[in-house]
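Only one structure is covered here, and it is reproduced in the block below.
The values are calculated or read from the model by the stated rules, or taken from the named source; none is laboratory data. These numbers come from a predicted model, not from an experiment. Methodologically, a virtual Cβ is constructed for each residue, glycine included, from the backbone with ideal geometry; neighbour enumeration extends over all protein chains shown. Quick note on the areas: whole protein, heavy atoms, side chains included, nothing else; ligands and nucleic acids left out. Shrake-Rupley method; radii C 1.70, N 1.55, O 1.52, S 1.80 Å.
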Amino acid sequence: PRKLLLVITPTYARPFQAFYLSRLAHTLKLVQPPLLWLVVDMQVQSLEAAALLRDTGIMYRHLVGRKKLSRTKDRGAYLRNVALAHIEEHRLDGIVYFADDHNVYSLELFEQLRRIKRFGTWPVGMLEHSKSRTTLYGPVCNESTVIGWHTNERNKMIRRFHVDISGFGFNSTILWDPQTWKRPIVKRNQHLYSIREGFQETTFIQQLVEDESQMEGLPSGCSKVMVWHLYVEAFEKNYPTSWRLEKNLNAI
Ligand code: UDP
């Protein structure tokens, strides 16, 4: 039987929410089942997200994170945490993948996810927001062995693993079965939350694996970009703030 994919997407109401979620739903609809899409909304289920999810025909759960958090970075991390707690509580046995709503995903990625035994990783193509520059972030591999990282000089010094949030997947049982995986149990408060910005991924991954030898680089040679992390929002300039849209477009 094919492995269950547990795809976690934190989301929040904003002008392009329906755009992002529709695009992602179309991709997920083309993935071979079984796949469970865990969409986590902030405070309340957004009506647009709920309507969209009902119509997709994808197996999903629409969860809500109720904590009020001021920092944007903490919010996404907190919502992912809510989904991880759900997976843990219901012992959902599958491959966990964090699919942020604004990324674009190839179908091959979802096939590769099913090859993961413990922890799989691959490079992500990124457009750096501040510098409008495209870069790769993630593993350099010799076949499936991770031998180095695409990163920059500064990050090289301070982070242990150079993996984007959408650049890895792992076996969910690591969360509650330390014996099989020979790891201490993953601590709840270390589930990507309340950790300094820029360190959430590496801190979380350090709980899942000892070092590179426990990672599987995908696909062989990590020679393909299977995820793109771009931004479609224009930089806001020269418009009166009252013209700005904050709510979903289909709610106006
Ligand atoms: N996100 C969220 N609430 C927020 C901010 C972000 O749910 O207040 C979600 C967002 O929809 C996306 C993920 O968290 O799925 C990452 O968003 P962020 O803008 O932090 O990502 P970056 O582009 O910086 O990686």
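What to note about this one:
- Residues of segment 1-43 satisfying the condition of being open to solvent by 10 Å² or more (accessible area, probe 1.4 Å) and within 13 Å of the ligand (Cβ to nearest atom): Pro10, Tyr12, Ala13, Arg14, Pro15, Phe16, Ala18, Phe19, Arg23, Met42, Gln43
- Restricting attention to segment 55-81 and to residues that are touching a His at 6+ places or on another chain (Cβ under 9 Å) and away from the ligand (no atom under 13 Å from the Cβ), the residue that is most open to solvent (accessible area, probe 1.4 Å) turns out to be Arg61.
- Residues that are touching a residue at least 24 places away in the same chain (Cβ under 8 Å), open to solvent by 20 Å² or more (accessible area, probe 1.4 Å) and assigned to a helix (DSSP H, G or I), drawn from segment 82-104: Val82, Ala85, His86, Glu88
- Any hit, segment 129-148, residues being of a type outside the set (Asp, Glu), assigned to a loop (DSSP other than H, G, I, E, B) and within 24 Å of Leu84 (Cβ to Cβ): no
- For segment 30-42, the condition of being under 24 Å from Lys187 (Cα atoms) and in contact with a His (Cβ under 6 Å, 6 or more places away or on another chain) holds for at least one residue.
- Residue check, Gly221 under 17 Å from the mean Cα position of the chain (by Cα) and at pLDDT 90 or above: no
- One residue stands out among those in segment 117-137 that are in contact with a helix residue (DSSP H, G or I) (Cβ under 9 Å, 6 or more places away or on another chain) and at pLDDT 95 or above: the one that is most open to solvent (accessible area, probe 1.4 Å), which is Arg118.
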